[in-house]
Structure formats: structure tokens, C-alpha cells
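Participant: Handing you this structure, nothing more for now.
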Amino acid sequence: MLENKNQDKTDLESLGEFGLIDHLTKHFPLNQKSTIKGIGDDAAVLDFKDKKTVVSTDLLVEGVHFDLSYMPLKHLGYKAVMVNLSDIYAMNAKATQITVSLAVSNRFPLEALEELYAGIALATKIYNVDLVGGDTTSSQTGLIISITAIGEAIAEDIVYRSGAKENDLLVVTGDLGGAYMGLQVLEREKEVYKVNPNSQPDLEPYSYIVERQLKPEARKDIFELFKKLEAHPTAMIDISDGLSSEILHLCKNSKVGCNLYEEKIPLDPTVISACEEFKIDSTLVALSGGEDYELLFTLDQKEFPKIKGNPNLTVVGHMTADNEGAHLVSRNNSKIPLTAQGWNSFAKT
Ligand SMILES: [Mg+2]
């Protein structure tokens, strides 16, 4: 898990700031028609013609958002892009460009940043977005990555958090809780490694959930699926903090309530078995775990035939009047108020 890094490494100082940016960004092609000018001037120039531009930024800080003792730098680069593209897809917009800014301490050699950029490059290639700018600077301690993602959409297509109506269906993509349980496995193996550095962790049984943590995918395919099905979500948000807090965002912004059905929450079998192993309630993991980067949206019931039977989409509840509040309807049919920090407040009797 933790490789020995004793090979010859190149000091960042030997390149200088501009040399470093040139070196890291020289192999990024520009594919978007909207990119008029990418890296190489004081600013990028973009042209979205008659479309609206959507912009989102995220900041990832070593020790707060990621732990390099089990997060390979290539995966980190990939994930940092995914986190941002996910927000663009959550607006029902097409992601088109990113900028990448780094603050990095000199404990990182050039080769480490090359790994990070290899992950960024892979993400831009698979998701077809252009890298059009950014900055690098030195940091006293760890690594800080800030990515800005830019996208385009026709005004009528943009989906806000505020459009959900009473009786709309509440729908989630994919399955939930994997990223959180993957993190539990990685944290446990890190502790084992500290005690016995010769231990070889067997992560095979956990490959799905570990991948959900280390290499999540943003749901570009869902954005494309909506177009194909001619489905029009009324409100949408991406699931970065856990289902519970995202539902509360939709309810608050749309001024509606919600009934979420515990038995409908989509869980992968490996999440269920990991929850049993770690003695954690799988519903709590889905509600509060976070980092799954799935999409949560509401849909007018009239549109249900368009999504019915789609393996990517699960109806987990419906929206209610604002004064009814937001609740989890448990398997034994009791109604429990949803809270953003679900851990203790969901203790079942
Ligand atoms: Mg978001």
C-alpha cells in the first residue's frame, strides 16, 4: 500500500514556476469548440455563444480531504476533477473546461506532480474537458488542489435545487455508501500497516468500495441519459455529503418536504457486507457517508414511464408539502426526521 520511494527524484526548484507549469500541462489537447484560448496567455478565452455558462470550484486540502498514505497521486488527480465535474452535471450542464491550481511543498518531487497530472489528464480525456488554466505555488506543509470546472447549457435545461414540487418523485442514481465504506477499509489497513509495515493488505474483497473512494466517476452518463429519455428533472444536486444532507438542501431550496423510504435506498451487496463487518448501519452510511458523487433529483410523476426500469435510477421517495417536513420512513414504517448530521440522531429504538 505504501510504496518505498527511494528512486532519484527531481526537485521542483530546479524547474522554476513557469517551467513547472509548462512541463505539467504541455500534453493537454484542446477539444472543445468553446475554448478559444487555453493555457499560455494571461487568461483563457471561452465562447459559449447563445448558451449559459455554469462554473463551480472546489478546494481539496491534504489531511482534511485526502490522505496520501493510501491515496495514490494519480487517483487524487482523477478524483479532484470528478468532484468538480459532478457539480456541473448536477446542474444538468455539459462540462467543457477546467482550471487546476496547486499549492505544493518541496517534499513533493516533480515525479509526484507528474503522477497527479497523469490522473488529471486521464479524467480530461475520458470526460472530454479542456484544461485551460491554473496556477502553482509553494506551500509550507502539504498539498492543496483547487479545481474550477466550467460547463455550458441551454437556459431551459439548467436544473436548480429549487424546482422540486409536492408529489414529485425523489430519484437517486447508482448506489450509495460505497465511498464511505471504502474509506473505512483503507483507514483500517493504514492502522494495520503502522503496527506491521510488512503486512500485505488483501483489498480484493473490497475492490468495489475502495474504488468508489479512490476513483469515483462523475455521472456524465446520466446527463446524457436525460437528453436521450427527454426527461426533465425539476431539481437536482450531487451527493457529496450524504443522502440526508442533500435531501435537506433540495427541500429547503424548493420549499417542500420529503418522505424517503429506507427499504428503497440502493446499496451494493459489498457495502452491505462491509457494514456488517464494521458493525455500522448501512442506512446510516447511505444517509451520512458522502463522497459517492451520485446524482439526486426530483421528477414529475408524469415522467415516471421514462425512467421506469432503468438500472441506473432508483425512486427512493417523494416530495411532500413543506409543513410535513423531511422524513425517513423506516422498514418498520416509523417516520424519523432527517437531519444533516444523521449519525446520532438516527439511533433506532
Ligand atoms: Mg454539489
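All of the numbers you see were taken from the coordinates with simple rules; none came from a lab. Model, not experiment: these values are computed from the prediction. In this analysis, Cβ positions are derived from the backbone assuming ideal geometry, glycine residues included, and neighbour counts consider all displayed protein chains.
Participant: Starting with the fewest neighbours, write out Tyr127, Tyr89, Tyr180 ranked by other beta-carbon atoms found within 10 Å of each beta-carbon.
Facilitator: The most exposed by this proxy come first: Tyr127, Tyr180, Tyr89.
Participant: Further question: Rg/Rh for the chain to two decimals, with Rh computed the Kirkwood way over all alpha-carbon pairs.
Facilitator: Taking Rh as the inverse mean 1/r over Cα pairs, Rg/Rh reads 0.99.
Participant: I'd like to know which of Thr141, Leu299, Leu24 lies farthest towards the positive end of the charge dipole of the chain, counting +1 on Cβ of Lys and Arg and -1 on Cβ of Asp and Glu.
Facilitator: Selected residue: Leu299.
Participant: With +1 assigned to the C-beta of every Lys and Arg and -1 to the C-beta of every Asp and Glu, and no other charges, what is the dipole magnitude of the chain about the Cα centre in debye, to the nearest 20?
Facilitator: The dipole of the chain has a size of about 740 debye.
Participant: Right, something else. Using only Cα atoms, find the angle between the long axis of helix 243-254 and the longest principal axis of the chain, and express it within 0 to 90 degrees, rounded to the nearest 10.
Facilitator: 70
Participant: Under a 10 Å cutoff between Cα atoms, tell me which one of Glu111, Glu17, Glu156 has the largest fluctuation in the Gaussian network model of the chain.
Facilitator: Glu156
Participant: Which value in deg cm²/dmol, rounded to the nearest 500, describes the helix-derived mean residue ellipticity at 222 nm for the chain, given -39,500 (n - 2.57) per DSSP H run of n ≥ 4 and division by the residue count?
Facilitator: About -10000 deg cm²/dmol.
Participant: Excluding same-chain residues fewer than 8 positions from Lys165, which aspartates and glutamates have a Cα within less than 15 Å of its Cα?
Facilitator: Cα-Cα hits under 15 Å: Asp300, Glu303, Asp322, Glu324.
Participant: Out of the DSSP beta bridges found with both residues in the chain, what percent are antiparallel (nearest 5)?
Facilitator: 75
Participant: Sorting Asp202, Asp87 on the 10 Å Cβ count, fewest up front, what's the list?
Facilitator: By the 10 Å Cβ count, ascending: Asp202, Asp87.
Participant: Could you state the number of Å between the C-alpha centres of the stretch 198-236 and the stretch 257-302?
Facilitator: Their Cα centres are 13 Å away from one another.
Participant: Further, regarding this structure: Can you check what the Kirkwood hydrodynamic radius comes to for the stretch 259-349, Cα pairs only, in Å to one decimal?
Facilitator: 14.7
Participant: What's the angle, to the nearest 10 degrees (0 to 90), between helix 269-278's Cα axis and the longest principal axis of the chain?
Facilitator: That helix lies at roughly 80 degrees to the long axis.
Participant: Fewest Cβ neighbours within 10 Å first, please rank Thr35, Thr96 accordingly.
Facilitator: Thr35, Thr96
Participant: So between Lys33 and Phe48, what do we pick up on full extension, going 0.36 nm a residue minus the alpha carbon distance?
Facilitator: Extra length from Lys33 to Phe48 when fully extended: 4.5 nm.
Participant: Mind checking the dipole of the stretch 169-344: about its Cα centre, +1 per Lys or Arg Cβ, -1 per Asp or Glu Cβ, Debye to the nearest 20?
Facilitator: In debye, rounded to 20, the stretch 169-344 gives about 440.
Participant: Still on this structure, please answer the following. Using Cα-Cα distances under 8 Å and only pairs 6 or more residues apart, what relative contact order does the chain have, in percent?
Facilitator: It comes to 21 percent, rounded to a whole number.
Participant: Quick one: divide the alpha-carbon radius of gyration of the stretch 150-300 by 2.2 N^0.38 Å and tell me what you get.
Facilitator: 1.19
Participant: Same structure again: Please give the helix 73-89 orientation as an angle from the longest Cα principal axis of the chain, in degrees from 0 to 90, rounded to the nearest 10.
Facilitator: Helix 73-89 and the main axis of the chain meet at about 40 degrees.
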